[in-house]
1. Out of (1) under 27 Å from L148 (Cα atoms); (2) of a type in the set (A, V, I, L, M, F, W, C); (3) outside any strand (DSSP E or B), the odd one out for A17 is which?
2. Enumerate the pairs (first residue in the stretch 110-139 and surrounded by fewer than 11 Cβ atoms within 10 Å (Cβ to Cβ); second residue anywhere and among the polar types (S, T, N, Q) and in a helix (DSSP H, G or I)) with beta-carbon separation below 6 Å, excluding pairs fewer than 6 apart on the same chain, so at least 6 apart or on different chains.
3. Pairs under 7 Å by beta carbon, first residue among the charged types (D, E, K, R) in the stretch 1-16, partner at pLDDT 95 or above, six or more apart or different chains?
Amino acid sequence: MSEHLAFRRMTEADLDAVLKIEYAAYSHPWTRGIFVDGLKSYEIWLIFDGQQQVGHGVINVIIDEAHLLNITVKPESQGRGLGLKLLEQLMARALERGAKECFLEVRASNQVAYRLYERYGFNEIGRRRDYYPAAGGREDAIVMACTLL
């Protein structure tokens, strides 16, 4: 991982670059419309390694609860700790905005993400049956929560 990591809020001008990463990383990516709507309602943060945009994350904070909606690192940059750095940035923003707890859903099959969240301090609190679209139909989501300190 580079020593030159930086974060900034996403703007509409970043949309094409964000979608390129999103579509490379997921079989069922967020759409352009979701990101456009998200810019109005959520905090969307970009992570850069030097000058290169390597990922993005989306968080929503309502009163004292945060909901982590998306963390994406471009496939060729995965496995270098960038997802954790992005998660730390998003949790810091949630804390700054007054959140005391954060919730998320993760695909049951996404063990890499599950382990990342678990390592950060998230605990499994439930399951949403058939929550995500999947190649074979639908896939469960594991619901996780973390107390923010």
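The values are calculated or read from the model by the stated rules, or taken from the named source; none is laboratory data. The model shown is predicted, which means the values in this text are computed figures rather than measured ones. Using ideal geometry, Cβ is built from the backbone for each residue, glycine included, and neighbour counts are taken over all protein chains shown.
1. (1)
2. none
3. R8/L46; R9/E43; R9/I44; R9/W45; E12/L39; D14/L46
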